[in-house]
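K.L.:
I'd like to ask you about the structure that follows.
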Amino acid sequence: MNVLTQLWGSDKVKNMLEVHNISKRFFLPKPLFSPFQKNKEILALDQVSFKLNPGRILALLGPNGAGKTTLLKILSTLILPDQGTAKILGYDLITQSQSLKSRIGLVFSEEKGFYWRLSGRQNLEFFGILYNLSPARIKEKTRYLSNLLEIDDLDKPFQNYSSGMKQRLSLLRCLLSEPEIIFMDEPTSRLDPAGALNFRKFIKEKLVRELGKTVFFTTHQISEAESLADEIAIMDKGRIKAFGKPDEIKIKYGLNKDSTLEELYLKTINEENEA
Amino acid sequence: MKPDISLRKLLAFLKRDLLINASYRAAFLFDLISILSSVVTFFFIAKLFGGKAAEHLADYGGDYFSFVLIGIAFSGYMSAAMGSFTEAISEEQAYGTLEAIVLSPTKISTVLICSSIWKFIFTSFRVIVYLFLGWLFFDLNLSRANLSSSLIILALTIISFSALGILSASFTLIFKRGDPLNWLFYGASRLLGGVYFPIAVLPIGLQKISFFLPLTYCLEAVRKSLILGSSVKEILPQILSLVFFSALFFPLSIFSFKSALKKAQKNGSLLYS
């Protein structure tokens, strides 16, 4: 019985992720010659709250600058919120972040995040040890996951991999530590259409349905959210405008079930502007 | 922020740094050439001065070449300690790997310490190359060297400079570039710490400043133990001075690093250079 099954069956964790009123402001530096001018601030997240059940896929949709990546970085413990908190797998995001780190994973959107002069295998061995895995366990898991993800050559320098292969390596690294919830920042943004399709299929069929992981990803692509997600959050100007199953949100916004997600997205984003 | 260092993690960092550095073979070759060129340069400068410098170097055996070679070689530990912690952060930021590291359960203090070990090992290798070249080609005489007192001084030097290095890394976390501490200590130590000439030749005002620099005590003691074979007892004043610097700077550096790290995580700037 894996950890997720144990948790699922118990009352310990009803929600994989519970976010309560998270807010985050960033301050822009003062102009060089205006020392008396106040710092400009940007409200990146404004009292964001939602819940996500285990084994679900949540897509976070929104325009550029909506706060998607900031939310993802806060939930993956990379930056601290100004206000509010979250519970992930029952752990408090702020006070128990160290215990939480070995149970969550993040797949980056950029090609950075690996040592380009090292091979794929050497990178995986290094990061595996940071997750307190033994060399034998890293070897065993690397073999299993590279087969699963169809990565054929782990011994060439990272810089020589294609974008698609780099993305798969990023996912492989994330899966090494057996995280129960996986955050992904625009996971298919650098992949060609066929590569993106395969990646989405892998997430849905293998990661979630077979391995029982929970996935939270950000995307610009409405079609990606539609094909992959069980639940959708639409975010704009640091606030969650709509959250839930696509059909339920459509009804809530006065659309019928046959309406496209694109119509829902535009209606949600434009609602405040029109008002 | 207590580090969670294990031998396995330490070796993983060493392996990573060795593999990355070994992939830049030309840089390694040019480093060896620069050491050789530096040794040759100071050999001829020493030859030029000959016995004229001997009166100022009586406390160190009277030979300028031995004096300066040890000064240059061992001041490398100061550069390594002052720069390695800052570089550990800025290099990870540049590679884009800091996010992946911060995401792991390994503490940032462990990353910082483990990332700096390679620099100290490589500096030790450079010191050996300096001394070996000096001995092989230029009659550097270390026959009286007291290895145990040299190693004690070396350990204390690394500890006291590391404290300054961690303090310096705190500035880097917040300001990213333009670390005043590194500039102040590194610049002042190279000039006034007795790397190229004994501090006795400096005007009395500058000599007083040199008493506040750990490098002054490090070089004084390491020269005495390597050239004259001084025992631990004979270099006790320098040992106590370095213990004092370590005790003063270490708690300060840990406190400032903790505060800087929290601030960087709060304002979201930890991951960017």
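The values are calculated or read from the model by the stated rules, or taken from the named source; none is laboratory data. These figures come from a predicted structure and were not determined experimentally. When we count neighbours, we look across all protein chains shown, and the Cβ atoms used for this are built from the backbone with ideal geometry, even at glycine.
K.L.:
Pull up region B:5-28, narrow it to residues that are of a type in the set (D, E, K, R) and more than 22 Å from the chain's Cα centre (by Cα), then point me to the one that is farthest from the other protein chains (Cβ to nearest Cβ). Outline the logic, then answer.
P.N.:
Here is the first cut: in region B:5-28, the residues of a type in the set (D, E, K, R) are B:8-9, B:15-17, B:25.
Adding the requirement that they be more than 22 Å from the chain's Cα centre (by Cα) leaves B:8-9, B:25.
Numbers: B:R8: 6, B:K9: 6, B:R25: 12 Å.
Of everything passing the filter in region B:5-28, B:R25 is farthest from the other protein chains (Cβ to nearest Cβ).
K.L.:
Right, something else. Determine whether B:K208 is in a helix (DSSP H, G or I), over 19 Å from the mean Cα position of the chain (by Cα), among the charged types (D, E, K, R) and within 14 Å of another protein chain (Cβ to nearest Cβ).
P.N.:
Values: in a helix (DSSP H, G or I): yes; over 19 Å from the mean Cα position of the chain (by Cα): yes; among the charged types (D, E, K, R): yes; within 14 Å of another protein chain (Cβ to nearest Cβ): no.
Taking the combined requirement at face value, the residue does not satisfy it.
K.L.:
Now for a separate question. Any idea which of (1) on the phi > 0 side of the Ramachandran plot; (2) crowded, with 19+ Cβ neighbours inside 10 Å is the one A:G254 doesn't satisfy?
P.N.:
Every listed condition holds for A:G254 apart from (2).
K.L.:
Can I ask one more? Being touching a residue at least 60 places away in the same chain (Cβ under 8 Å) and away from every other protein chain (no Cβ under 14 Å) is the filter here, so list the residues in region A:29-52 that pass it. Working first, answer last.
P.N.:
As a first pass, look at region A:29-52 and keep what is touching a residue at least 60 places away in the same chain (Cβ under 8 Å): A:43-50, A:52.
Once the filter is applied, which keeps residues that are touching a residue at least 60 places away in the same chain (Cβ under 8 Å) and away from every other protein chain (no Cβ under 14 Å), region A:29-52 yields A:D46, A:Q47, A:V48, A:S49, A:F50, A:L52.
K.L.:
Right, something else. Considering region B:29-39 alone, what residues qualify as being in contact (Cβ under 8 Å) with a residue 12 or more places away in the chain and more than 12 Å from B:I72 (Cβ to Cβ)? Full working, then the answer.
P.N.:
Quick first cut of region B:29-39, residues in contact (Cβ under 8 Å) with a residue 12 or more places away in the chain only: B:31-32, B:35-36, B:38-39.
The answer is B:D31, B:L32, B:L36.
K.L.:
Just to be sure before I move on: is B:S241 away from chain A (no Cβ under 14 Å) and in contact (Cβ under 8 Å) with a residue 60 or more places away in the chain in the structure I sent? Before the answer, list the steps.
P.N.:
On the way: away from chain A (no Cβ under 14 Å): yes; in contact (Cβ under 8 Å) with a residue 60 or more places away in the chain: no.
When the stated conditions are applied, B:S241 does not pass them.
K.L.:
With the structure loaded, tell me whether A:T85 is surrounded by fewer than 19 Cβ atoms within 10 Å (Cβ to Cβ), within 14 Å of chain B (Cβ to nearest Cβ), touching a strand residue (DSSP E or B) at 6+ places or on another chain (Cβ under 7 Å) and of a type outside the set (F, W, Y) or whether it fails that test. Step through it out loud before you land on a result.
P.N.:
Values: surrounded by fewer than 19 Cβ atoms within 10 Å (Cβ to Cβ): yes; within 14 Å of chain B (Cβ to nearest Cβ): no; touching a strand residue (DSSP E or B) at 6+ places or on another chain (Cβ under 7 Å): yes; of a type outside the set (F, W, Y): yes.
The answer is no for A:T85.
K.L.:
Additional query: With the requirement that a residue be at the interface with chain B (Cβ under 7 Å from one of its Cβ atoms), more than 22 Å from the chain's Cα centre (by Cα) and either closer than 28 Å to B:Y24 by Cα or crowded, with 17+ Cβ neighbours inside 10 Å (or both), what does region A:126-147 give you?
P.N.:
So the first thing to find is which residues in region A:126-147 are at the interface with chain B (Cβ under 7 Å from one of its Cβ atoms), and the list is A:126-127, A:129-132.
Next, only the ones that are more than 22 Å from the chain's Cα centre (by Cα) stay: A:126, A:129, A:132.
Selection gives A:F126, A:I129.
K.L.:
Of the numbered conditions (1) within 14 Å of chain A (Cβ to nearest Cβ); (2) hydroxyl-bearing (S, T, Y); (3) in a helix (DSSP H, G or I), B:T106 satisfies every one except a single condition; which is it?
P.N.:
For B:T106, the failing item is (3).
K.L.:
Considering A:I94, A:I22, A:I104, which residue is farther than 30 Å from A:S162 by Cβ, within 12 Å of another protein chain (Cβ to nearest Cβ) and not small (G, A, S)? It would help to see each step written out before you state the result.
P.N.:
On the way: A:I22 fails: within 12 Å of another protein chain (Cβ to nearest Cβ); A:I104 fails: farther than 30 Å from A:S162 by Cβ.
Matching residue, one of A:I94, A:I22, A:I104: A:I94.
K.L.:
Scan region B:1-10 for residues that are exposed (fewer than 14 other Cβ atoms within 10 Å of the Cβ) and modelled with pLDDT of 90 or more and jot them down.
P.N.:
Of everything in region B:1-10, just one residue is exposed (fewer than 14 other Cβ atoms within 10 Å of the Cβ) and modelled with pLDDT of 90 or more, namely B:R8.
K.L.:
State yes or no: is B:W183 more than 14 Å from chain A (Cβ to nearest Cβ) and part of a helix (DSSP H, G or I)? Reasoning before the result, please.
P.N.:
Working: more than 14 Å from chain A (Cβ to nearest Cβ): yes; part of a helix (DSSP H, G or I): yes.
Yes.
K.L.:
While we're here: So, in region B:241-260, how many residues would count as being touching a helix residue (DSSP H, G or I) at 6+ places or on another chain (Cβ under 6 Å) and over 26 Å from B:A221 (Cβ atoms)? Break it down stepwise before answering.
P.N.:
Start the filter on region B:241-260 by keeping residues that are touching a helix residue (DSSP H, G or I) at 6+ places or on another chain (Cβ under 6 Å), which leaves B:241-242, B:245-246, B:249-250, B:253, B:256-257, B:260.
So of that shortlist, the ones also over 26 Å from B:A221 (Cβ atoms) come out as B:256-257, B:260.
Final tally of qualifying residues: 3.
K.L.:
In region A:108-125, what count of residues is obtained for those that are at pLDDT 90 or above and more than 8 Å from chain B (Cβ to nearest Cβ)?
P.N.:
Looking only at region A:108-125, we keep the residues that are at pLDDT 90 or above, and these are A:114-125.
Among the residues that remain, those that are also more than 8 Å from chain B (Cβ to nearest Cβ) are: A:119-121, A:123-124.
Adding up the residues that qualify gives 5.
K.L.:
Sort out which residues of region B:221-273 are in a loop (DSSP other than H, G, I, E, B) and among the aromatic types (F, W, Y), and write them in order of number.
P.N.:
So the first thing to find is which residues in region B:221-273 are in a loop (DSSP other than H, G, I, E, B), and the list is B:229-235, B:268-273.
B:Y272, the sole residue that qualifies.
K.L.:
While we're here: Quick test of your reading of the structure: B:S160 fulfils all but one of (1) more than 14 Å from chain A (Cβ to nearest Cβ); (2) hydroxyl-bearing (S, T, Y); (3) out of contact with any Pro (no Cβ under 6 Å at 6 or more places or on another chain). Name the failing condition by number.
P.N.:
(3)
K.L.:
In addition: Picking from B:F74, B:F65, B:F85, which residue would you name as being in contact (Cβ under 8 Å) with a residue 60 or more places away in the chain and in contact with an Asp or Glu (Cβ under 9 Å, 6 or more places away or on another chain)? Break it down into steps so the answer makes sense when it comes.
P.N.:
Details: B:F74 fails: in contact with an Asp or Glu (Cβ under 9 Å, 6 or more places away or on another chain); B:F85 fails: in contact with an Asp or Glu (Cβ under 9 Å, 6 or more places away or on another chain).
Within the list B:F74, B:F65, B:F85, the selection yields B:F65.
K.L.:
Being surrounded by fewer than 21 Cβ atoms within 10 Å (Cβ to Cβ) and within 12 Å of A:L60 (Cα to Cα) is the filter here; which residues of region A:211-223 pass it? Spell out how you get there, then give the answer.
P.N.:
The first filter runs over region A:211-223 and keeps only residues surrounded by fewer than 21 Cβ atoms within 10 Å (Cβ to Cβ), leaving A:211-212, A:220-223.
A:H220, A:Q221, A:I222, listed by residue number.
Every residue, every condition in (1) assigned to a loop (DSSP other than H, G, I, E, B); (2) under 18 Å from B:L98 (Cα atoms); (3) away from chain B (no Cβ under 11 Å); (4) touching a residue at least 24 places away in the same chain (Cβ under 8 Å), yes or no:
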site: A:P54; (1), (2), (3), (4): yes, no, yes, yes
site: A:A59; (1), (2), (3), (4): no, no, yes, yes
site: A:T70; (1), (2), (3), (4): no, yes, no, yes
site: A:I74; (1), (2), (3), (4): no, yes, no, yes
site: A:P81; (1), (2), (3), (4): yes, no, no, yes
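K.L.:
Are any residues in region B:109-135 over 15 Å from B:D17 (Cα atoms) and either among the charged types (D, E, K, R) or more than 14 Å from every other protein chain (Cβ to nearest Cβ) (or both), and if so, which ones?
P.N.:
Correct list: B:S124, B:R126, B:V127, B:I128, B:V129, B:Y130, B:L131, B:F132, B:L133, B:G134, B:W135.
K.L.:
Shifting gears a bit: Quick check on my filter: what residues within region A:123-159 are in contact with a Phe, Trp or Tyr (Cβ under 8 Å, 6 or more places away or on another chain) and under 19 Å from B:L7 (Cβ atoms)?
P.N.:
Result: A:F126, single match.
K.L.:
Being crowded, with 19+ Cβ neighbours inside 10 Å, touching a helix residue (DSSP H, G or I) at 6+ places or on another chain (Cβ under 8 Å) and modelled with pLDDT under 85 is true for just one of A:L264, A:L228. Which residue is that?
P.N.:
Values: A:L228 fails: modelled with pLDDT under 85.
Every option except A:L264 fails the conditions.
K.L.:
Sticking with this structure for a sec: Please note which strands (runs of 3 or more DSSP E) are completely contained in region A:206-275 and include at least 3 residues that are among the hydroxyl-bearing types (S, T, Y). Spell out how you get there, then give the answer.
P.N.:
On the way: elements: A:214-219, A:231-236, A:239-244.
Those strands (runs of 3 or more DSSP E) span A:214-219.
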